[in-house]
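Here's the structure, in structure tokens; my notes come after.
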Number of protein chains: 2
Amino acid sequence: MRPVRVVVYGVGAMGAIMTRLLVDKGAKLVGAVGRSPSKVGRDLGEVAGLGTMLGVTVEDGAEAVLGRAGADVAVVAVSSYLETMYDHFRTCLEHGANVVTIEEESFFPWATAPTLARRLDELAKRHRVTILGSGAQDLYWMTLPCALMGSAHRVDSVQGRTTWNVDDYGPEVAQHVWAGSSLEEFESHLARDGWPPFVVRNTLDALVADAGLTADGAQTSVRPVLAEVQTPSSSLGRVIDPGQLLGVIDTATVTTREGPTFTFEQTGCVYGPGQSDVNEWIVRGEPDELRLRNDRVPTRLATCTQVVNRIPDVIRAPPGFVTVAELPRIRYRHFALDSYLGGP
Amino acid sequence: MRPVRVVVYGVGAMGAIMTRLLVDKGAKLVGAVGRSPSKVGRDLGEVAGLGTMLGVTVEDGAEAVLGRAGADVAVVAVSSYLETMYDHFRTCLEHGANVVTIEEESFFPWATAPTLARRLDELAKRHRVTILGSGAQDLYWMTLPCALMGSAHRVDSVQGRTTWNVDDYGPEVAQHVWAGSSLEEFESHLARDGWPPFVVRNTLDALVADAGLTADGAQTSVRPVLAEVQTPSSSLGRVIDPGQLLGVIDTATVTTREGPTFTFEQTGCVYGPGQSDVNEWIVRGEPDELRLRNDRVPTRLATCTQVVNRIPDVIRAPPGFVTVAELPRIRYRHFALDSYLGGP
């Protein structure tokens, strides 16, 4: 076996973590795509803070990097929503690289972005490669609740609740959830532009599909989380005043033709002292209640570990746009990634 | 599709629950094997407390029942340890019935009963059927911790802890954990007969194998749980006095050649007021800690639901003695069992 050849596509906080994990797991880094002038032209090892040079320069021309890299896979961490990400994914697939991404809509794009997903599916099939959305949602929002449902005789409802700390993901994500803005600013934004259905909706679509059920309705909503005391935010670089937004709570409900209803509530906000990420699922029916809870979830790091652990799966998967429901459940990779390409 | 044809092999508390679930899920019950004189000769529906007759008589001759039934699968809930169960399984396999069982050693028998497991594996292959151990351990002690490990970059240790209520399982199980006996009786039994490695060991063997690691050592131990106050036991039909055993704590540790260590502690005892089943796993390494917890686990019912939900998997699995690590993760079955025989 030769090492798995990987392009790191997006060299922000997540790309940096993934670079380190990939090196640890025996991958050969064969290209890096970035856009920040402070990173382009520098060595990936330096940009990722590894303390060693990797001999891979961060470049802003994705076409050139992918065209030259001969990559087995690109790990893509750039931005949210398939519309924004389409061209990035296209570039990878056209150059014969499998894609595993933390872009949230890609986790299950079939209900919210079916046209783009179909186009990428065709493109991937034509080039005999696979595109997959993974990240924290793989284990925490999909595998765990689906497995929990596997001990139910009858499911009436599935209810999930998760929290994440805006300060773990930098200023772009902080703005995305309107952290630090006033309630008035947030509400006038909502009235003017609405609020797109976020990953909560895609997660429920994935759960419904995995259970073999048919969605017949979906509702999404958002509400603000307001600071009660002065709350410092490292991603904003300032203190959020009482009454301003710490972030938002995204909620989605999907009903099914067969009866079971699915609800997921995701709180993304700047944390106060002592807060940590929680992930909780409750399945009601028979048995009356099945409960699962993860405390102190290291969501940011676990997002990256799961992308790396999925690499053997995405390389071996049938071509096309696949979701984790179609793959074996996520597994620990104790050895170099290439050693998993022969077996299950 | 025709209904899945099922023999209920063992009509105790668990067999009764499974009978009800099977009827609900559209299975056709084609035989029932029991040995209690109070049950043999009666209709399975009556024995299972369904309030309806199923037209299936409980018989004590397994050969005759299996020979006549043309069963797709036998759900077997009789006793613990492969040595005790070997002939029961043999009878099913020889008559071309797949087997799914809650017998604990069958969950992963390769380290503790390799000879018997190999013999059953050969027998199953000869008759082109599959034998599988499932039950509560499928989800709670295997799928969940293995999936949790799937979000680790490096595993140093895996630590599980679970509790179950002896009173949920009847007098035979109560005796198995020496509930109601004195500390002296328990200790002299230990000194005389030792304590066989129970399902905690088989669970860890399964986890180690699923992670692709190699066990290089195993230790098991048992210690008593003593009553502090007078504790009524429904399975014993009497009150356990302070100082007597409520049950035991079984612990196993398996070390691996590659480094990670696995520990599992299982408390089986008569509960006091307000106690409920807990299942908890902690994976340490990088991330520092990954935590998962199930509160108020309905272990007894979930043991039965998982056996029923595994029926499509065991029918479709390759012939032989398989473990859940080789199968797709356990899934909810919303529809009749036969409808899952075509797809994933």
Listing A:His189, B:His95 by rising number of other beta-carbon atoms within 10 angstrom, fewest first, gives A:His189, B:His95
Value of D in µm² per second that Stokes-Einstein yields for the range B:42-102, Kirkwood Rh from Cα pairs, at 10 °C (1.306 mPa s): 127
Starting from a label point 7 Å past Cα on the Cβ side, list the distances from B:Asp24 to the same position in the other copies, nm, shortest first. 4.3
Restricting to Cα pairs under 8 Å and 6 or more apart, the percent relative contact order of chain B works out to 21
If I build a Gaussian network model for chain A, linking alpha-carbon pairs within less than 10 angstrom, which residue out of A:Ala97, A:Ala317, A:Ala211 has the largest mean-square fluctuation? A:Ala211
Starting with the fewest neighbours, write out B:Asp295, B:Asp288, B:Asp168, A:Asp210 ranked by other beta-carbon atoms found within 10 Å of each beta-carbon. B:Asp288, B:Asp295, B:Asp168, A:Asp210
Under the rule a/c < 1.5 gives rounded, and otherwise a/b versus b/c splits prolate from oblate, where does the range B:251-293 land using the Cα gyration tensor? oblate
Along Cα→Cβ at 7 Å, what distances in nm separate the A:Asp156 label point from those on the other copies, shortest first? 4.5
Based on Cα coordinates alone, diagonalise the gyration tensor for the range A:122-204, multiply each eigenvalue by 5, take square roots, and list the semi-axes in whole Å, largest first. 30, 22, 14
Semi-axes of the equivalent ellipsoid of the range A:223-320: what are they in whole Å, largest first, if each equals the square root of 5 times a C-alpha gyration tensor eigenvalue? 31, 23, 14
Note to self, chain A gives a 222 nm [θ] from helices alone (DSSP H runs n ≥ 4, -39500 (n - 2.57) apiece, / all residues, nearest 500) of -8500 deg cm²/dmol
Kindly provide the trypsin sites (Lys or Arg not before Pro) of the range A:255-328 that DSSP labels as loop, not H, G, I, E or B, and whose Cβ sees at most 16 other Cβ atoms within 10 Å. A:Arg257, A:Arg296
Which value, in debye to the nearest 20, describes the size of the charge dipole of the range B:137-297 about its Cα centre when Lys and Arg Cβ atoms bear +1, Asp and Glu Cβ atoms bear -1, and nothing else is charged? 140
For a bin width of 10 Å, list the pair-distance distribution of chain A built from all Cα-Cα distances, rounded to whole %. 6, 25, 32, 26, 10, 1
Using a 7 Å offset from the Cα along the Cα-to-Cβ direction at both A:Arg20 and B:Glu83, what is the distance between the two label points in nm, to one decimal? 5.1
Kirkwood calc, the range B:166-229, C-alpha pairs only, radius in angstrom 14.1
For the protein assembly as shown, percent of DSSP beta bridges that are antiparallel (nearest 5) comes out at 55
Once R0 is set to 60 Å, what does the formula 1/(1 + (r/R0)^6) return for the Cβ-Cβ distance between A:Ala64 and A:Arg257, expressed as a FRET efficiency to the nearest 0.05? 0.80
For the range A:34-141 the translational diffusion coefficient, Stokes-Einstein from a Kirkwood Rh over Cα pairs at 10 °C and viscosity 1.306 mPa s, in µm²/s, is roughly 108
On each of the three principal axes of the Cα atoms of the protein assembly as shown, give max minus min coordinate, whole Å, ordered largest first. 82, 55, 50
Calculated FRET efficiency, A:Arg126 and A:Met1, Cβ-Cβ r, R0 41 Å, to nearest 0.05? 0.90
Considering only DSSP beta bridges where both residues belong to the range A:137-297, give the percentage that are antiparallel (nearest 5). 80
Filter on A:Lys25/B:Lys125; A:Lys125/B:Lys25; A:Lys25/A:Lys125; A:Lys125/B:Lys28 - keep pairs with C-alpha separation over 32 Å: A:Lys25/B:Lys125; A:Lys125/B:Lys25; A:Lys125/B:Lys28
Add +1 for every Lys or Arg and -1 for every Asp or Glu among the other residues with Cβ under 13 Å from the Cβ of A:Trp195, and state the total. 0
What spacing in nm lies between the two simple spin-label points modelled at A:Leu50 and A:Ala191, each 7 Å away from Cα in the Cβ direction? 5.2
Dipole in debye (nearest 20) - chain A, about Cα centre, beta carbon charges: Lys, Arg +1; Asp, Glu -1: 1240
Treating the beta-carbon of each Lys and Arg as +1 and of each Asp and Glu as -1, no other charges, what is the dipole magnitude of the range B:99-227 about its Cα centre, to the nearest 20 debye? 520
Cα-Cα pairs above 27 Å in the range A:137-297: how many percent? 30
Which residue, chosen from A:Val270, A:Thr256, A:Leu207, occupies the Cα position most advanced towards the positive end of the dipole of the range A:201-313, where the dipole is computed from +1 (Lys, Arg) and -1 (Asp, Glu) charges on Cβ about the Cα centre? A:Val270
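No lab work stands behind these numbers, since they all come straight from the coordinates. Remember, it's a predicted structure, so these values are computed and weren't measured experimentally. Note that each Cβ is placed from the backbone with ideal geometry, even for glycine, and that neighbours are counted across all protein chains shown.
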